[in-house]
Each structure stands twice: as C-alpha cells, then as structure tokens.
Amino acid sequence: MVYDLSNFTSISRQDWQQLHRHTTPLLTSEELDTLSHLSNQLDLKEIKGIYLPLINLIKIYQKNVNDLALSKNFFLRSYYQKRPFIIGISGSVAVGKSTTSQLLQQLLRRSQPDDQIDLVTTDGFLYPNQTLIDKGILNRKGFPESYDMPRLLDFLDKIKNGKAVNVPIYSHKSYDIVADEVVSLDSPDILIIEGINVFQYPQHNCPYMADYFDFSIYIDAEAKHIEHWYLERFSKLLLLAKKDPASYYHRFTDLPPKEALGIAKHTWETINLVNLKNHIQPSRNRVDLILHKSYDHKIDKIYLKK
C-alpha cells in the first residue's frame with residue numbers, strides 16, 4: 001500500500017545528523033546494553049546521529065507549547081496550571097517502539113535532570129485475556145476493539161489536566177494484565193506514551209487519543225523486515241522461556257523448533273500483519289515525525305511534518 005507523504009519534508013540521515021550541536025552522547029555503551037531489547041540494536045553512533053537531533057527537536061516543540069500556555073494564561077489573567085508535555089510513539093509489533101521510547105526517556109532525563117520523565121505503554125489498557133475470551137476476540141488482541149478505550153481516554157484526560165492517576169500493568173511474560181497492580185503517576189513534566197494504537201481513528205465516537213499529544217513519532221519499516229524481526233524475537237523468547245514455566249512462551253518450548261516457528265509465522269500473517277495494514281500503518285500520516293528503519297534497525301529515512 002502506498003501512502004501520501006506530501007505533507008512531510010524528507011530529510012536525509014546525513015542532513016539530519018547535522019541538526020544538533022556536536023555534543024557527546026548522553027549514554028554509555030554499558031547503559032545502551034540495558035536498552036537493547038532482543039532483536040533491537042543500538043550503538044552510540046546512532047544515538048549521536050539520530051536521537052540527539054531528535055531531543056533538540058522535542059525541546060523546540062516543548063518550548064513552543066509552554067510559551068503558548070503562558071501567553072494564554074497571561075491573556076486570560078488566569079493561574080498557570082502545569083500540564084505535562086506528552087509524546088506519542090507508535091509503530092508495528094516488533095518494530096522497536098519500546099526501545100525507542102526507553103531511549104528517549106533516558107536521554108531526556110539526562111538532558112533535563114530537574115524534570116520528571118515518565119513512560120507508559122497502552123498495553124496496560126488492553127482488556128484482560130479472560131475478558132477477550134468472553135467477548136470472543138482473543139485472536140484480535142491488539143486490534144482497536146481489544147482496548148478499554150474509555151479507561152485509556154480517562155487516563156489521558158486526567159494526566160493532561162495535572163491529576164494523579166493509576167496505570168494498569170501488562171506483563172509480556174504472562175501475556176496478560178496483572179490483576180490488582182498499578183503504577184501511580186503524579187504530574188510528570190514529560191510523559192511518553194507508547195503503543196500500536198495511539199494514532200488510530202477513534203472507536204464508538206470517542207475522542208482521538210492523538211488530541212492529547214504535543215509531539216508524535218511513528219517508527220516505520222518494510223513489512224518483510226518487521227516479520228523477520230518478529231520471528232527472530234519469537235525464537236529468542238523461546239530460549240528464555242525454556243526454564244520458565246510462568247512465561248507465556250513456555251507452552252511452545254516442547255514443540256519442534258520448525259513447528260513453533262510455523263505458529264509464530266501464522267500469527268504474524270493472520271493477526272499482526274493484518275492489524276499493521278488495516279489499523280497501524282494508516283495512522284502514520286497523522287504524526288509529526290516518521291523514523292524509517294532499514295533491515296539492520298538503523299534509521300535510514302526521516303520525514304518531518306511540514
């Protein structure tokens with residue numbers, strides 16, 4: 001499927017990496033190792049060439065948002081209420097959203113040490129597996145109807161208006177919501193929200209999630225590359241699950257490797273790829289910045305909304 005990118009300015013990697021002051025990376029190689037999840041590869045060259053310019057761009061957007069809020073309050077002669085700067089990050093399953101989100105969180109913490117920088121994934125707002133089973137949509141987990149959108153939108157509304165909120169927790173180990181456990185957030189300066197659904201069209205006349213975002217990023221790649229990363233990650237998760245009966249993936253460890261990989265490929269083709277084409281990828285034109293990855297996970301194309 002071809003998408004119209006006429007509303008974006010294409011920036012080469014070479015030009016992009018010139019758009020920041022030549023400072024040293026804010027993370028060491030050792031710290032990067034803790035952020036490199038399974039199939040996602042990071043290095044200091046990528047940090048300096050891609051993510052430091054991005055941090056500078058985010059600061060420009062943040063300053064503009066803060067200046068506008070101050071000016072509006074001055075005009076209205078009203079009290080200035082602190083509101084978090086919210087960054088939305090989306091993309092396919094296995095494209096590297098989590099690594100990118102955690103990397104930005106760490107870089108923002110280093111560059112703005114006095115600010116509170118929090119990270120939330122929309123996985124926590126999936127319905128529990130039993131609810132999905134009761135609704136007959138467990139095989140559509142990750143599709144728009146599998147999320148508790150009223151709860152997610154209520155969270156966004158409260159956090160944007162400076163209220164303390166509780167966020168449900170999702171376990172990728174058990175592949176389910178963790179019952180009766182939450183994370184509390186209270187007035188962060190910057191909040192990163194990561195998920196496959198954050199820029200999608202609203203369901204049942206709900207507001208856009210994107211209405212709450214001050215800056216938005218889509219992590220893009222060719223579908224054939226994402227499939228390879230998905231299957232690669234599945235294989236690594238199987239190795240980790242062999243000695244861990246609590247892992248969702250443990251159930252596949254007794255199968256011949258070829259058969260287990262066949263199940264993963266079928267899941268990709270019938271669920272994740274369908275969701276990508278029908279719901280996730282069409283949302284990318286609504287973002288401020290598209291970061292396109294090549295086969296080796298390096299960013300090779302950058303598109304900035306005009």
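The values are calculated or read from the model by the stated rules, or taken from the named source; none is laboratory data. Note that the structure is predicted; figures quoted are calculated from it, not measured. Using ideal geometry, Cβ is built from the backbone for each residue, glycine included, and neighbour counts are taken over all protein chains shown. Quick note on the areas: whole protein, heavy atoms, side chains included, nothing else; ligands and nucleic acids left out. Shrake-Rupley method; radii C 1.70, N 1.55, O 1.52, S 1.80 Å.
Checking each residue in the range 245-304 for being touching a residue at least 24 places away in the same chain (Cβ under 8 Å) and in a loop (DSSP other than H, G, I, E, B) picks out Ala246, Ser247, Val287, Asp288, Ser294, Tyr295, Asp296, His297, Lys298. Within the range 163-198, being without any contact (Cβ under 8 Å) to a residue 12 or more places away in the chain and in contact with a strand residue (DSSP E or B) (Cβ under 8 Å, 6 or more places away or on another chain) holds for Ser171, Val178.
The rows are residues; the columns are (1) in a loop (DSSP other than H, G, I, E, B); (2) on the phi > 0 side of the Ramachandran plot; (3) of a type outside the set (A, V, I, L, M, F, W, C).
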position: Arg83; (1), (2), (3): yes, no, yes
position: Ile89; (1), (2), (3): no, no, no
position: Val93; (1), (2), (3): yes, no, no
position: Thr99; (1), (2), (3): no, no, yes
position: Leu103; (1), (2), (3): no, no, no
position: Val120; (1), (2), (3): no, no, no
position: Gly124; (1), (2), (3): no, no, yes
position: Asp134; (1), (2), (3): no, no, yes
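For the range 67-95, filtered to residues that are more than 19 Å from Asp189 (Cβ to Cβ) and β-branched (Val, Ile, Thr), the residue that is surrounded by the most Cβ atoms within 10 Å (Cβ to Cβ) is Val95.
A residue that is outside any loop (DSSP other than H, G, I, E, B), exposed (fewer than 11 other Cβ atoms within 10 Å of the Cβ) and at pLDDT below 85 occurs somewhere in the range 33-45.
The set of residues in the range 15-30 being assigned to a helix (DSSP H, G or I) and at pLDDT 80 or above consists of Asp15, Trp16.
Of all the residues in the range 131-171, those that are closer than 19 Å to Ile280 by Cβ and among the charged types (D, E, K, R) number 4.
Given (1) in a helix (DSSP H, G or I); (2) open to solvent by 60 Å² or more (accessible area, probe 1.4 Å); (3) modelled with pLDDT under 90; (4) among the polar types (S, T, N, Q), where does Asn64 come up short, assuming only one miss? All conditions pass for Asn64, except number (3).
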